[in-house]
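A.B. asks: There's a structure below that I have some questions on.
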Amino acid sequence: MASSAVTSAEIGSDAPRSDFGRVLAQRERRFAAALLAPAFLALLATTTFPLIFLIWTSAFRMDLAMPFTNGFVGFENYQVLLSDERFWSSLLVSLIYTGSTVALQVVIGLALALLVMDMKRGQGWFRVIAILPVVLSPAVVGMIWRTFMLAPEFGIVDFLAINAGLGGKNWLGDPLLAMVSVIVIHTWQWTPFAFMVLLASLASLPEDIYEAARLDRATAWQRFRRITLPLLRPAIVMVVIMRTMVALTAFAAIFTVTAGGPGTATEILNLYAYRKSFTELSIGYGSALAVALLIVTIIISGVLFAMRRAK
Amino acid sequence: MTSFKPTRRTLLKTGTAAAALATFGPAVLRRAAAQDADLAPYKSASIDWQQASGETITVAVIPASYFENLIALAPQFKALSGIDVRFEKIPPAQIRQKSVIDLTSKTGTYATHAADPMYYALYAANKWVEPLDAYLSDKSLTDSSWFKFDDIIPAWRSANGIDGKLYGMPYDGEVTIQVYRKDLYDARGLKPADTLEAYMSNAAALNTPNDRVWGAALRGVAGAGQNMYIYPSIFREFGGDWMKGGKLTVNGPEAEAALAWYVDIMRKYAPTAAANWNWPDIADAFSQGTVASYIDAHSSASVINNAEKSKVIGKIAYARWPKGPSGKRTTSIWNWGFPINAALPEKRRKATWLFIQWAASAETQARTAHRFAGLTKRSGVNRTSIWRDPDYIKLMNGFGENFVEAAMQALQDDTDVDWRPRVPQWPAIGDTMATAIQSALSGQATVKAALDDAQRRIEPMMRG
């Protein structure tokens, strides 16, 4: 009692307590900042800085083959890009590749999930087997498909096609078939992801709604359209967003299977940016292409996120 | 004076040391003597091999038997020079990019690397590597009467030079020749082709896909060292000129005729899969008996003569590149050379030069080829004298009929240093051309459209 009286007499009336609180809060904030700093710096160094450097580089002509022409060019690389036919064709290839692989993944993944939901036995086994392609490295997947599956005359797919009376096909040497092949490979590898997510969502749907629908004599198709699909919508949109962002920036599997060929038939934008930068050694223009890919990805995922919120 | 009083511990120590000396001494001495004999041919050069002793250098090579043999001998170099050599093996598709990134960043990670001759123009324009002339003429670093630079195959030397200056020392190289199945040719009374026209008609005569034998195969997969390894020879043989009137030209009538010939033979007489094949795939198919003939590097002979896998050993013969309509033969004059990274400190550059001199010397070339103790011997030695050495010839002729004659003639007479345009922009040009060739082969574009498009894309690269 006495000591508290002395303290308040020394310092003042009510003020000390709130001051003390402020100091404590400030210290806590500082401590939190100190804890956060290393992670924040690491994040800056590994993501933000390279991104800014990429944008900065895209404003330069940086051509290793002709070092004497290097220098600041502002937006010139972007002007060249707009009139570069190969940029537009690779963007188109990217969009076709992304659109078709994502659609196929969702449709096949959902179909598989519905099928597996009704399985009485062996569901666990099916899940384990289905997830296998996802854990393989895309480069390995590319090598397997290129050498064992799709080689004309010698590959498994051609062997089956010949035996089925369809005749041999040059799967990776024909522009259209090559595009189909890379879409199939990507779909094969990533459908299990969609399947797992949708299966988990399906399992969490409330059974009583279906019960009520059955009492109202709704057909299976009606139940699917009016109940399952709307309830699964958030999960489907999430799958679409995640798979789209990955498909837009796909690289390893296409690089090992076709390297963008034949000609430029399967050259997605990411591959074109890589070839410009590291094969043609035109770093500035390659950076501009990478920035363009970044912008396209941001726009598309922005639209998808907006769709997710909209009812 | 302190008297020597042996304790139990000193007695034990001395005893163990004496026993060890008695057991291992002779072996150590024998090894030292063997090493001296090993090193004697190098020590006869009048240079101080130890002048950069204590340095460590990293050398990037590709995983290939001709470099493995060199790696196996590296301890001899360490004993000779006191220089540590660390080898890093990088697949051919990546070594060009990795070395360019290292040279651009000037970190000096690779003191030297297996370099593609087409890259020297780029290296020289950026001053990433040192001209080697100064090292060759420096008497404290090179004994020219011992090293005998003039003995190195002239075509490879000129391929590794820009404006008369040497930038890379040839270590191992190859030349393109015709490889064919003698049994199949004899059965139909055919002769190896002397012209591209005859090569096409031979392929037509032998093409029997129903029996799983195709007439011919050439590299089809797109890439600067892949379809662009074979097409430039055809382009030159059809009379094509890369620098027409001083301007880099890849289209025009000669180019169209050359590409049409390539597309024609690949579509009609090569296995469909060959559109995606590089040389190992072709050599594998040939060794399985499914391809009657191919034109590619002479070094693929080791694959088709691999006793464990090949079904055609004893049925193989060789001939020179067929002549084109222009009357010329143009083989590749390709080699892996060693440049010196300009970003190194001076002493390490000396160490690197000593390594390069050792690797390119006649002695090391012989020790990694016919005198190599292991199973795989090199077939791409850099010395004219070795190509004439009876022991080497005996070894090489084991690959099949007419091998050394065809390769020697190709090396000496059938080459053309402007086989490909030697400009710094080559990586970009090679890739653009490779894509154009493949789009013509796959039918994505006509021959003319593919070449005109390539020309349109290449022009801004040259303008600067």
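The values are calculated or read from the model by the stated rules, or taken from the named source; none is laboratory data. Keep in mind the model is a prediction, meaning the values are calculated, not measured. In this analysis, Cβ positions are derived from the backbone assuming ideal geometry, glycine residues included, and neighbour counts consider all displayed protein chains. Areas reflect the complete protein model, heavy atoms only, side chains present, ligands, DNA and RNA absent. Shrake-Rupley method; radii C 1.70, N 1.55, O 1.52, S 1.80 Å.
A.B. asks: For B:Phe372, are the conditions met, namely being farther than 30 Å from A:Met66 by Cα, open to solvent by less than 40 Å² (accessible area, probe 1.4 Å), assigned to a loop (DSSP other than H, G, I, E, B) and not β-branched (Val, Ile, Thr)?
C.D. replies: yes
A.B. asks: Select from region A:64-79 the residues that are buried (at least 16 other Cβ atoms within 10 Å of the Cβ) and of a type in the set (A, V, I, L, M, F, W, C) and write down the one among them that is farthest from the other protein chains (Cβ to nearest Cβ).
C.D. replies: It comes out as A:Val73.
A.B. asks: Just checking, how many residues over region A:139-154 are facing chain B (nearest Cβ under 8 Å) and either touching a Ser or Thr at 6+ places or on another chain (Cβ under 6 Å) or closer than 18 Å to B:Val213 by Cα (or both)?
C.D. replies: The number of residues fulfilling the criteria is 4.
A.B. asks: Then there's this: Taking the condition of being within 8 Å of chain A (Cβ to nearest Cβ) and buried (at least 24 other Cβ atoms within 10 Å of the Cβ), how many residues in region B:428-438 meet it?
C.D. replies: 5
A.B. asks: Same structure, new question: In region B:105-127, which residues are open to solvent by less than 10 Å² (accessible area, probe 1.4 Å), within 12 Å of another protein chain (Cβ to nearest Cβ) and under 17 Å from B:Leu344 (Cα atoms)?
C.D. replies: Of everything in region B:105-127, just one residue is open to solvent by less than 10 Å² (accessible area, probe 1.4 Å), within 12 Å of another protein chain (Cβ to nearest Cβ) and under 17 Å from B:Leu344 (Cα atoms), namely B:Tyr123.
A.B. asks: In region B:115-163, which residues are among the basic types (Lys, Arg) and over 21 Å from B:Val61 (Cα atoms)?
C.D. replies: Matches in region B:115-163: B:Lys127, B:Lys139, B:Lys148.
A.B. asks: Restricting to region A:250-273, name every residue that is in a helix (DSSP H, G or I), under 14 Å from B:Gly223 (Cβ atoms) and open to solvent by 20 Å² or more (accessible area, probe 1.4 Å).
C.D. replies: Hits for region A:250-273 are A:Phe255, A:Thr256.
A.B. asks: Looking only at residues in region B:96-112 that are more than 13 Å from B:Asn126 (Cα to Cα) and outside any helix (DSSP H, G or I), which one is nearest to the chain's Cα centre (by Cα)?
C.D. replies: Ranking the candidates gives B:Thr112 first.
A.B. asks: If we only count helices (runs of 4 or more DSSP H) wholly inside region A:151-243, which ones have 1 or more residues that are polar (S, T, N, Q) and either under 17 Å from A:Ala111 (Cα atoms) or open to solvent by 60 Å² or more (accessible area, probe 1.4 Å) (or both)?
C.D. replies: It comes to A:156-163, A:175-203, A:220-223.
A.B. asks: I would also like to ask the following. For A:Val128, are the conditions met, namely being part of a helix (DSSP H, G or I), closer than 23 Å to A:Met196 by Cα, away from chain B (no Cβ under 14 Å) and under 22 Å from the mean Cα position of the chain (by Cα)?
C.D. replies: no
A.B. asks: Separate question: Pairs, please: C-beta under 8 Å, at least 6 apart or cross-chain, first residue closer than 20 Å to A:Phe251 by Cα and in contact (Cβ under 8 Å) with a residue 12 or more places away in the chain and in region A:120-148, second open to solvent by 70 Å² or more (accessible area, probe 1.4 Å) and assigned to a helix (DSSP H, G or I)?
C.D. replies: A:Pro133/A:Trp188; A:Ala139/A:Phe255; A:Val141/A:Trp188; A:Gly142/A:Phe255
A.B. asks: Just to be sure, is B:Leu411 among the hydrophobic types (A, V, I, L, M, F, W, C), in contact (Cβ under 8 Å) with a residue 24 or more places away in the chain, surrounded by 22 or more Cβ atoms within 10 Å (Cβ to Cβ) and within 12 Å of another protein chain (Cβ to nearest Cβ)?
C.D. replies: no
A.B. asks: When the residues of region B:341-354 are filtered to those that are crowded, with 24+ Cβ neighbours inside 10 Å and not small (Gly, Ala, Ser), which remaining residue is farthest from B:Pro131 (Cα to Cα)?
C.D. replies: B:Leu354
A.B. asks: Test each condition in (1) open to solvent by 60 Å² or more (accessible area, probe 1.4 Å); (2) under 24 Å from the mean Cα position of the chain (by Cα); (3) more than 25 Å from B:Thr272 (Cβ to Cβ) for A:Met143 and report the one that comes out false.
C.D. replies: (3)
A.B. asks: Could you identify the single residue in B:Asn402, B:Asn397 that is open to solvent by 10 Å² or more (accessible area, probe 1.4 Å), within 30 Å of B:Ala307 (Cα to Cα), touching a Pro at 6+ places or on another chain (Cβ under 9 Å) and among the polar types (S, T, N, Q)?
C.D. replies: B:Asn402
A.B. asks: All but one of (1) open to solvent by less than 10 Å² (accessible area, probe 1.4 Å); (2) within 20 Å of the chain's Cα centre (by Cα); (3) more than 30 Å from B:Ser140 (Cα to Cα) hold for B:Ser379, so report the exception by its number.
C.D. replies: So B:Ser379 meets the others, but not (1).
A.B. asks: Out of the residues in region B:59-83 that are of a type in the set (Val, Ile, Thr), at pLDDT 95 or above and open to solvent by less than 20 Å² (accessible area, probe 1.4 Å), state the one that is nearest to B:Ala115 (Cα to Cα).
C.D. replies: That would be B:Val61.
A.B. asks: Return only the number of the condition from (1) in contact (Cβ under 8 Å) with a residue 60 or more places away in the chain; (2) facing chain A (nearest Cβ under 9 Å); (3) of a type in the set (A, V, I, L, M, F, W, C) that B:Ala406 does not satisfy.
C.D. replies: (2)
A.B. asks: Could I ask something else about it? Please work out which residue is surrounded by the most Cβ atoms within 10 Å (Cβ to Cβ), limiting yourself to region B:255-307 and to residues that are away from chain A (no Cβ under 14 Å) and acidic (Asp, Glu).
C.D. replies: B:Asp296
A.B. asks: Any residue that is among the hydroxyl-bearing types (Ser, Thr, Tyr), over 12 Å from B:Trp358 (Cβ atoms), part of a helix (DSSP H, G or I) and touching a residue at least 60 places away in the same chain (Cβ under 8 Å) - is there at least one of those in region B:61-69?
C.D. replies: Yes, because at least one residue in region B:61-69 is among the hydroxyl-bearing types (Ser, Thr, Tyr), over 12 Å from B:Trp358 (Cβ atoms), part of a helix (DSSP H, G or I) and touching a residue at least 60 places away in the same chain (Cβ under 8 Å).
A.B. asks: Please determine, by comparing only the residues of region B:193-217 that are part of a loop (DSSP other than H, G, I, E, B) and surrounded by fewer than 22 Cβ atoms within 10 Å (Cβ to Cβ), which one is farthest from the other protein chains (Cβ to nearest Cβ).
C.D. replies: For region B:193-217, the residue satisfying everything is B:Asp194.
A.B. asks: A follow-up question, please. So which residues in region B:437-456 are assigned to a helix (DSSP H, G or I), free of Cβ contacts under 8 Å to residues at least 60 places away in the same chain and within 23 Å of A:Ala178 (Cβ to Cβ), if there are any at all?
C.D. replies: B:Ser439, B:Ala449, B:Asp453
A.B. asks: Let me ask something else about it. Looking only at region B:399-436, which residues are polar (S, T, N, Q), more than 18 Å from B:His298 (Cβ to Cβ) and outside any helix (DSSP H, G or I)?
C.D. replies: Passing the criteria: only B:Gln425.
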